[in-house]
1. Just to verify a result, which residue in segment 110-120, among those that are without any contact (Cβ under 8 Å) to a residue 60 or more places away in the chain and farther than 28 Å from Arg140 by Cβ, is least open to solvent (accessible area, probe 1.4 Å)?
2. Out of the residues in segment 170-196 meeting the condition of being among the hydrophobic types (A, V, I, L, M, F, W, C) and open to solvent by less than 40 Å² (accessible area, probe 1.4 Å), tell me which one is nearest to Met45 (Cα to Cα).
3. Pull up segment 123-150, narrow it to residues that are surrounded by 13 or more Cβ atoms within 10 Å (Cβ to Cβ), of a type outside the set (Ser, Thr, Tyr) and over 30 Å from Ser206 (Cβ atoms), then point me to the one that is farthest from the chain's Cα centre (by Cα).
4. For residues that are touching a residue at least 24 places away in the same chain (Cβ under 8 Å) and assigned to a strand (DSSP E or B), scanning just segment 100-109, find the one that is most open to solvent (accessible area, probe 1.4 Å).
5. From the list Arg14, Arg70, pick out the single residue that is of a type in the set (D, E, K, R), within 15 Å of the chain's Cα centre (by Cα) and open to solvent by less than 60 Å² (accessible area, probe 1.4 Å).
6. I want to confirm something. Restricting to segment 45-67 and keeping residues that are in contact with a Phe, Trp or Tyr (Cβ under 9 Å, 6 or more places away or on another chain) and of a type in the set (A, V, I, L, M, F, W, C), which single residue is surrounded by the most Cβ atoms within 10 Å (Cβ to Cβ)?
7. Could you tell me how many of the residues in segment 10-44 are in contact (Cβ under 8 Å) with a residue 60 or more places away in the chain, closer than 20 Å to Val131 by Cβ and not hydroxyl-bearing (Ser, Thr, Tyr)?
8. Go through segment 181-193 and count every residue that is over 17 Å from Leu139 (Cα atoms) and out of contact with any strand residue (DSSP E or B) (no Cβ under 6 Å at 6 or more places or on another chain).
Amino acid sequence: MDATIWPFAALRIRTPLLELRYPDDDDLVALAHLAAEGIHDPGAMPFFVPWTRAEPADLERNVLQFNWGRRAALTHDDWSLPLVVCADGAPVGMQDLFAKQFAVRRTVESGSWLVRRAQGKGFGTEMRAAVLHLAFAGLRAKEAHSGSFVDNPASAAVSRRNGYEPNGEEIREREGAPARLQRWVLTRARWEPRRRDDITVDGLDSCLPLLV
């Protein structure tokens with residue numbers, strides 16, 4: 001992908017454990033295979049939209065089409081950065097950072113997933129820390145929001161470890177049944193004391209006109 005045309009192609013966030021980058025089509029194919037390999041216990045559903053219920057071949061194709069659509073739909077007032085997460089050079093999942101009217105609201109939201117074999121290694125906390133650094137240090141965000149169903153303690157633990165505070169609850173429809181969702185918020189004031197000096201962001205400057 002040519003970064004002179006699509007500057008996000010050069011975006012990189014690096015931590016001691018992980019590298020996050022804007023995915024090209026080869027990365028999306030790798031992510032599609034990972035999603036089909038398995039993200040969560042079949043008896044659970046951690047996502048607002050149960051996209052992982054599709055048959056493997058459909059799921060892989062859906063991953064490609066969904067992310068192509070997000071790439072095509074990106075605008076200054078409604079953007080998403082679905083970053084591929086790599087450990088030891090190999091994709092293990094995706095960490096998304098998205099916002100609407102960011103130039104005015106200075107607020108971001110996040111979502112993520114990891115292939116099951118990469119879970120339990122601290123990657124979830126680390127990849128969230130990476131995009132929070134992008135948001136607060138790189139984009140000068142004021143708040144970061146997230147949400148997790150109350151029966152998904154792993155996601156809640158990632159939020160807590162990164163300094164988020166509870167921000168209310170709501171009842172959502174999930175696969176035809178009610179499910180309680182915990183909202184989380186991290187303000188810039190709470191993030192600053194946790195700011196890390198071992199996270200780097202490269203390639204952001206040329207992306208800024210499209211984001212802020």
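The values are calculated or read from the model by the stated rules, or taken from the named source; none is laboratory data. Quantities reported herein were computed from a predicted structural model and do not represent experimental measurements. Heads up, the Cβs are rebuilt from the backbone with ideal geometry, glycines too, and the neighbour counts pull from every protein chain shown. To get the accessible areas, we keep the full protein, side chains included, count just its heavy atoms, and leave off ligands, DNA and RNA. Shrake-Rupley method; radii C 1.70, N 1.55, O 1.52, S 1.80 Å.
1. Among residues in segment 110-120 that are without any contact (Cβ under 8 Å) to a residue 60 or more places away in the chain and farther than 28 Å from Arg140 by Cβ, the one least open to solvent (accessible area, probe 1.4 Å) is Ala118.
2. The extreme case among them is Ala179.
3. For segment 123-150, the residue satisfying everything is Phe149.
4. So the residue we want is Glu109.
5. Just one listed residue meets the conditions, Arg70.
6. Here the residue is Val63.
7. Our first condition is that a residue be in contact (Cβ under 8 Å) with a residue 60 or more places away in the chain; within segment 10-44, this holds for 10-23, 27, 30-31, 34-35, 37-40, 44.
Imposing the further condition that a residue be closer than 20 Å to Val131 by Cβ reduces the set to 10-23, 27, 30-31, 34-35, 39.
Imposing the further condition that a residue be not hydroxyl-bearing (Ser, Thr, Tyr) reduces the set to 10-14, 16-21, 23, 27, 30-31, 34-35, 39.
Matching residues across segment 10-44 total 18.
8. 1
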